[in-house]
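Have a look at the structure below, then the notes.
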Protein chains: 2
Amino acid sequence: MTSRIFNFAAGPAVLPEAVLEEAQRDLLALPGVGMSILEISHRSKAFDEIIQGCEADMRRLANIPSNYQVLFLQGGASLQFSMVPMNILPVGGKADYILTGSWSKKAVKEAQKVGTVQIAGSTESENFSRIPEASEIRIDPDSAYLHFTTNNTIFGTEWEKEPESAGLPLVADASSDIFSRPIDVSRYALIYAGAQKNLAPAGATVVIIRDDMLARSPKGLPTMLDYNTHAKERSLYNTPPVFTIYVMRLVMKWLLGEGGLEGIGRRNAEKAGLLYDAMDGSGGFFRPHARPGSRSKMNVTFRLPSEDLEKRFVAEATAQGLDGLKGHRSVGGIRASIYNAFPVVGVNVLVSFMREFQKKNG
Amino acid sequence: MTSRIFNFAAGPAVLPEAVLEEAQRDLLALPGVGMSILEISHRSKAFDEIIQGCEADMRRLANIPSNYQVLFLQGGASLQFSMVPMNILPVGGKADYILTGSWSKKAVKEAQKVGTVQIAGSTESENFSRIPEASEIRIDPDSAYLHFTTNNTIFGTEWEKEPESAGLPLVADASSDIFSRPIDVSRYALIYAGAQKNLAPAGATVVIIRDDMLARSPKGLPTMLDYNTHAKERSLYNTPPVFTIYVMRLVMKWLLGEGGLEGIGRRNAEKAGLLYDAMDGSGGFFRPHARPGSRSKMNVTFRLPSEDLEKRFVAEATAQGLDGLKGHRSVGGIRASIYNAFPVVGVNVLVSFMREFQKKNG
């Protein structure tokens, strides 16, 4: 694997090497099937085993209760921004959204096409450098649900614990930190996530939805946008993204083998800790964008003393095989995305590089 | 490749071996990139070259005029059944649809949620065993467009030439025979196709749309369902199905290398000819479902003298490595799907098997 570099991109993102190797080995012909995973019918017995195995492993991994459906869809979180309100926000009704960054804003924009959106909390005035405190969140008990974004890829902030929803169904866009640590699914009414950060390559969206939410969908929705279509047909109403689900299955197995969500959670905490400790010990040379208590373990965003130094940092890192470190333009600076499959060794290499860089330029 | 069998499935379907081999070889690390295609950012230079190369090759292959946009979407033809009317059928307006099978029916059902659908022609009373004659089609000049399905996977029928639309914008679901023969794109206002038959593995949808159609989209559509979103952002509004587009690019290159649409069209005619000739020469033992003049070159459907013999046919064929031949329940019998990448040798093996089977059971 000497030709591989360290990929700090925000997503699509790095996958476990063991997963890539198995996918590569079997790409021409799945064992015992005689066809490539890229060619098999979604109605075949072989794929049945893959999608059911993926769901079963996911249920085991996250302890998903039996009154929740697991749906494998397409279109990413961006399509869920519309599907959520179209299905569970009654026309003319209202929903509460917490604003913690660009993705929450996009979710709000789509929900406003269906009903009234109330901003239950926001840290926009502080450039989303933190998650709102419990005391800053105002919930309307008549709202249809409370929506939040679990982790904010651009700003590098993450909820340590889901917000209290005061009895409202809790809906989460968990695209960028799903299955990165233990989760109590029973606290949620609906969780959705694009696959391309912690689950699989780009091309699938996972929706975990509590049965009672399914009853909310109004009649006359486009068939493909109605959660009931996919729940009834077990994600096989039409051709699903077969290969992406196959890789997701391999990733679920890998996560179980890594000690499940407890195991991966410990490692993610260790990886993020290495980076934040290095910054906190840098005498202010490296300054995290996120405030303590809101720091993401998936996307570590930080600034250097000048934009000039930031440019040099990215260029020199890239030359050393540390790729994808340029921050998003909304925050500037550096962003190191270190999802589940990102190896500890890569974080150590980055920390060493940071120390060297500071020595030369500090 | 001895472990591979002949895959007659209706889709997802067989891919060119050269494409599979290249995808396999580069799966751990794209040459010069150092990451897997499953991991690279959709905003990376490497992916830019892939998606732009895919579009350029497709434009060259099908001679797509410059006043057409090529969009790479998700959700399959099933989502297009809704997106087409949501974008180009004015609310309360009417559209003409020609009914030639199950997929046209599904398209009609979704369009009825937006406006009035007029059935411009149908062969349902003959169990969709043929394409309507020109004289059977009634077009309303006030309709927003005329929609048809170019090839009917279940019934095994195919339009030899697109219908006359009497000046209406022509919209085609070409999922199952796109790029199987030369096409005059300029006769269409919009062509859409799920990727999983002739273009790539499952997980992407191609939409080829004439610029003037883009102006029809009403304000307030869900962002992801508005063609303008994807046209403006060149299919990068959100994370596209990176791997599927990568394989599609390899397939486009392969098609160009096979002599383009002229070359592949000749070979498809040859393959289908072998099967239909064998049936026509079987003294009625093998009876094609499709009537002459409507016979599909992609999905060859036929019956045997009894259901018992059909079951035996499928079982013995499967045992000999001829997989996926069971017909759809709407027609019964046998279906041999022989898309672009299905090899001539596989058709010859099937023809030999058919002769042997008839000898033993005829």
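A few points about this structure:
- Taking a straight Cα-Cα cut-off under 14 Å and skipping sequence neighbours fewer than 8 places away in the same chain, the aspartates and glutamates within cross-link reach of B:LYS219 are A:GLU110.
- Kirkwood-Stokes translational diffusion coefficient of the protein assembly as shown, alpha-carbon pairs, 4 °C, 1.567 mPa s, µm²/s: 48
- Interface burial in segment A:98-115, defined as at least 50 Å² less accessible area with all protein chains than with the chain alone at a 1.4 Å probe, covers A:LYS113.
- Fraction of accessible area attributable to carbon and sulfur, segment B:260-361 (%, probe 1.4 Å): 48
- Within the accessible area of segment B:1-66 (1.4 Å probe), percent carbon and sulfur: 49
- Here chain A carries DSSP beta bridges of which approximately 55% are antiparallel, counting only pairs with both residues inside.
- Solution diffusion estimate, µm²/s, Stokes-Einstein, chain B, Kirkwood Rh from C-alpha pairs, 10 °C, viscosity 1.306 mPa s: 75
- Exceedance of the 19 Å cut-off in Cα-Cα distance is limited, within the set A:LYS232/B:LYS197; B:LYS197/B:LYS232; B:LYS297/B:LYS360; A:LYS271/A:LYS297; A:LYS106/A:LYS326, to A:LYS232/B:LYS197; B:LYS197/B:LYS232; B:LYS297/B:LYS360; A:LYS106/A:LYS326.
- Taking 20 Å as the straight-line reach from the Cα of B:LYS359, the aspartates and glutamates in range (excluding those fewer than 8 positions away in the same chain) are B:ASP277, B:ASP280, B:GLU307, B:ASP308, B:GLU310, B:GLU316.
- Relative contact order (percent, whole number), segment B:266-362, Cα cutoff 8 Å, 6+ residue spacing: 29
- Sites A:ARG287 and B:ASP26, calculated FRET efficiency, Cβ-Cβ separation with R0 41 Å, nearest 0.05: 0.55
- Cα pair count fraction exceeding 17 Å, expressed as % - segment B:59-205: 59
- Annotation for the B:A interface, with buried accessible surface near 4500 Å², both sides summed [1.4 Å probe; non-protein components not counted].
- Taking chain B as a Gaussian network of alpha-carbon nodes connected by springs under 10 Å, the highest mean-square fluctuation of the residues B:HIS147, B:HIS328, B:HIS289 belongs to B:HIS328.
- Cα shape, segment A:1-74, gyration tensor, a/c 1.5 rule: oblate
- Using a Förster distance of 56 Å, the FRET efficiency for A:ARG187-B:ASP308 (Cβ separation, nearest 0.05): 0.50
- Residue-wise HN-Hα coupling along segment A:207-221, computed from phi with Karplus coefficients 6.51, -1.76, 1.60 (Hz; x: Gly, Pro): 10, 10, 10, 6, 3, 5, 5, 4, 6, 7, 4, x, 5, x, 5
- Whole-number D in µm² s⁻¹ for segment B:59-109, Kirkwood Cα-pair radius fed into Stokes-Einstein, 20 °C, 1.002 mPa s: 163
- Per-q log10 I(q)/I(0), segment A:167-315, q = 0.19 Å⁻¹ (Debye; single scatterer per alpha-carbon; no solvent): -1.22
- nm² value of the averaged projected area, convex hull over the Cα atoms of segment B:260-361: 6.3
- Förster-model FRET efficiency, 51 Å R0, B:GLU160 and A:GLU17, C-beta, rounded to 0.05: 0.50
- Using only side-chain charges placed at the Cβ, +1 for Lys and Arg and -1 for Asp and Glu, the dipole size of the protein assembly as shown relative to its Cα centre rounds to 120 debye.
- Interface residues, segment A:39-55 - accessible area loss of 50 Å² or more versus chain alone, probe 1.4 Å: A:GLU39
- Spin-label proximity, A:GLU262 to segment A:175-216 - amide N less than 19 Å from point 7 Å beyond Cα toward beta carbon: A:179-186
- Within a Gaussian network of chain B (alpha carbon springs, distance under 10 Å), most fluctuating of B:ARG187, B:ARG210, B:ARG249: B:ARG187
- Nm distances between copies for B:GLY332, ranked from closest, using label points 7 Å along Cα→Cβ: 7.4
- What the phi angles of segment B:126-134 give under the Karplus curve with 6.51, -1.76 and 1.60, with θ = phi - 60°, is a coupling list of 10, 6, 6, 7, 8, 8, x, 6, 4 Hz, glycine and proline written as x.
- Å² per residue, accessible surface of the protein assembly as shown at 1.4 Å: 37
- B:PRO305 label point (Cα plus 7 Å toward Cβ) to equivalent points in the other copies: 9.3 nm, shortest first.
- Modelled spin labels at B:LYS360 and A:ALA56, positioned 7 Å past Cα toward Cβ, are 3.5 nm from each other.
- Per residue of the protein assembly as shown, the DSSP helices (runs of n ≥ 4 H) give a summed -39500 (n - 2.57) that works out to -11000 deg cm²/dmol at 222 nm.
- Chain-alone versus full-assembly comparison, segment A:75-89, residues with accessible loss of at least 10 Å² (1.4 Å probe): A:GLY75, A:SER78, A:LEU79, A:SER82, A:MET86
- Distance between the modelled labels on A:ASN63 and B:ASP142, one decimal in nanometres: 6.4 nm (7 Å Cα→Cβ projection).
- Gain on full stretching of the segment that runs from B:GLU316 to B:ALA134 - 0.36 nm per residue minus C-alpha separation: 61.4 nm
- The value of relative contact order for segment A:18-257, using C-alpha pairs under 8 Å at least six residues apart, is 26 percent.
The values are calculated or read from the model by the stated rules, or taken from the named source; none is laboratory data. Quantities reported herein were computed from a predicted structural model and do not represent experimental measurements. Cβ atoms come from the backbone with ideal geometry, glycine included; neighbour counts cover every protein chain shown. In case anyone asks, the SASA skips ligands and DNA or RNA and just uses the protein heavy atoms, side chains included. Shrake-Rupley method; radii C 1.70, N 1.55, O 1.52, S 1.80 Å.
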